[in-house]
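The values are calculated or read from the model by the stated rules, or taken from the named source; none is laboratory data. This structure is a prediction, so every number in the text was calculated from the model and none was measured. Cβ placement follows ideal geometry from the backbone for every residue including glycine, while neighbour counts extend to all protein chains displayed. Side chains included, ligands, DNA and RNA excluded: accessible areas come from the protein's heavy atoms. Shrake-Rupley method; radii C 1.70, N 1.55, O 1.52, S 1.80 Å.
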Amino acid sequence: MDYRRLGRTDITVSSLCLGTMTFGEQNTEAEGHAQMDLAVDRGVNFFDAAELYPIPPSRHTQGRTERIIGTWFKERGGRDKIIMATKVIGRSDMDWFRKDGSKGRLTRQQIEEAVDQSLKNLQTDYIDLYQIHWPDRNVPGFGANPTRWEDVEPASDENSIHSTLEVMADLVKAGKIRHLGLSNESAWGTMTYLKEAEMHGLPRVVSIQNAYSLVNRTFDTGLAEVALRENVGLLAYSALAQGYLTGKYRDGAAPAGSRKVLFDRLQRYERAGAQETMNEYLDLAAKHGLDPAQMALSFAHSRSFMTSVILGATKMEQLENDLGAADLVLSDEVLGGIDDIHQRRGNPCP
């Protein structure tokens, strides 16, 4: 396992991170504990969660993921050996996260309530990396990098980036969080966070968690330079395109118990040209005798701006296979084949 520096901090995190959003929905507490055990045994020291999880979001399940991680910490100990990341929701009409039934906003009151609840759920007194799950401002493309711009009206009650950083500064001083990260954020948003931090002596963001995969490399077009020059490395989610790049859904397949069958929430990966593009990547892996999941993960893992690739699995054999990507180095011939497909196909799943 490779270990990489988290931003400009003195923390090093494993280059593969255990994603936990299935804990409490598709995975039981016992299964979640088993995944954490396996990940740690393979050298993973980095877990990612969110107050939103498990997915799909629901008022009946919200918080279960963090609570499952919390019972693992209580039973196993060794909290100081794990870099724990979680998230606070951004602007949302979901009204079940706060005790007073408020819709999601990045106000001081909501952020402070959220972090206190996450600390309680996780059974810890500090969070290593506290991430803003998505922006408070109205943005196109879930705040990341859509392939074409969509005009949006600013929210009348938008909470400024400066005000968010002020709250985070107080949480750092209180010892509740160590570092701040972003998620589903744009190049403008990331640079504004950095500018405000530098100008006013506020916490500097250390990472950005956005989608990144063979079929969604929009991060390359603006945020990659930000990540490298500003030491705000990428924590990539959906590197397997929610399972599509494993081949499990190829040509309309619908495996029993899969996320597609259970929740039908994968439309991001079902757009025009997506299946044909994915089939080319699957064929490339087969041509070179590679497991397609490991090829996709290894590609993301090899990017110069990557801090850690988040792995999400529902079965132990899936997680075991995915962890093997840490040892796979793609040949120049494979990388050339990937570049050829990308040149012709672009980003069908932004």
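A single member of 335, 319 is at negative phi and touching a helix residue (DSSP H, G or I) at 6+ places or on another chain (Cβ under 7 Å), and it is 319. The condition of being polar (S, T, N, Q) and either over 24 Å from residue 9 (Cβ atoms) or touching a residue at least 60 places away in the same chain (Cβ under 8 Å) (or both) holds for only one of 124, 107, that being 107.
May I ask you to verify whether residue 65 is in a helix (DSSP H, G or I), of a type in the set (S, T, N, Q), within 29 Å of residue 159 (Cα to Cα) and in contact (Cβ under 8 Å) with a residue 12 or more places away in the chain? Yes.
Let's see how each residue does on (1) open to solvent by 50 Å² or more (accessible area, probe 1.4 Å); (2) in contact (Cβ under 8 Å) with a residue 40 or more places away in the chain:
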residue: 306; (1), (2): no, yes
residue: 311; (1), (2): no, yes
residue: 317; (1), (2): yes, no
residue: 324; (1), (2): no, no
residue: 328; (1), (2): no, no
residue: 334; (1), (2): no, yes
residue: 341; (1), (2): no, yes
residue: 349; (1), (2): no, yes
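Here residue 131 meets each of (1) without any contact (Cβ under 8 Å) to a residue 12 or more places away in the chain; (2) within 30 Å of residue 348 (Cβ to Cβ) with one exception, condition (1). Scanning the stretch 160-181 for residues being touching a helix residue (DSSP H, G or I) at 6+ places or on another chain (Cβ under 7 Å) and closer than 27 Å to residue 138 by Cβ gives a total of 7. Across the stretch 234-271, which residue is nearest to residue 284 (Cα to Cα) among those that are basic (Lys, Arg) and in contact (Cβ under 8 Å) with a residue 24 or more places away in the chain? Going through the qualifying residues, I end up with 250.
The criterion of being open to solvent by 50 Å² or more (accessible area, probe 1.4 Å), more than 26 Å from residue 193 (Cβ to Cβ) and either free of Cβ contacts under 8 Å to residues at least 40 places away in the same chain or assigned to a loop (DSSP other than H, G, I, E, B) (or both) holds for residue 100.
Among the residues of the stretch 27-41, are any open to solvent by 10 Å² or more (accessible area, probe 1.4 Å), of a type in the set (A, V, I, L, M, F, W, C), under 21 Å from residue 235 (Cβ atoms) and out of contact with any helix residue (DSSP H, G or I) (no Cβ under 9 Å at 6 or more places or on another chain)? Checking the stretch 27-41: not a single residue is open to solvent by 10 Å² or more (accessible area, probe 1.4 Å), of a type in the set (A, V, I, L, M, F, W, C), under 21 Å from residue 235 (Cβ atoms) and out of contact with any helix residue (DSSP H, G or I) (no Cβ under 9 Å at 6 or more places or on another chain).
Considering the stretch 105-156, the residues that are surrounded by fewer than 13 Cβ atoms within 10 Å (Cβ to Cβ) and at pLDDT 95 or above include one that is nearest to residue 175 (Cα to Cα), namely 125. Taking the stretch 238-254 as the range and being touching a helix residue (DSSP H, G or I) at 6+ places or on another chain (Cβ under 7 Å) and not small (Gly, Ala, Ser) as the test, the residues that pass are 240, 242, 244, 245, 246, 249, 250. What are the residues in the stretch 159-200 that are outside any helix (DSSP H, G or I) and without any contact (Cβ under 8 Å) to a residue 24 or more places away in the chain, if any? Passing the criteria: 160, 174.
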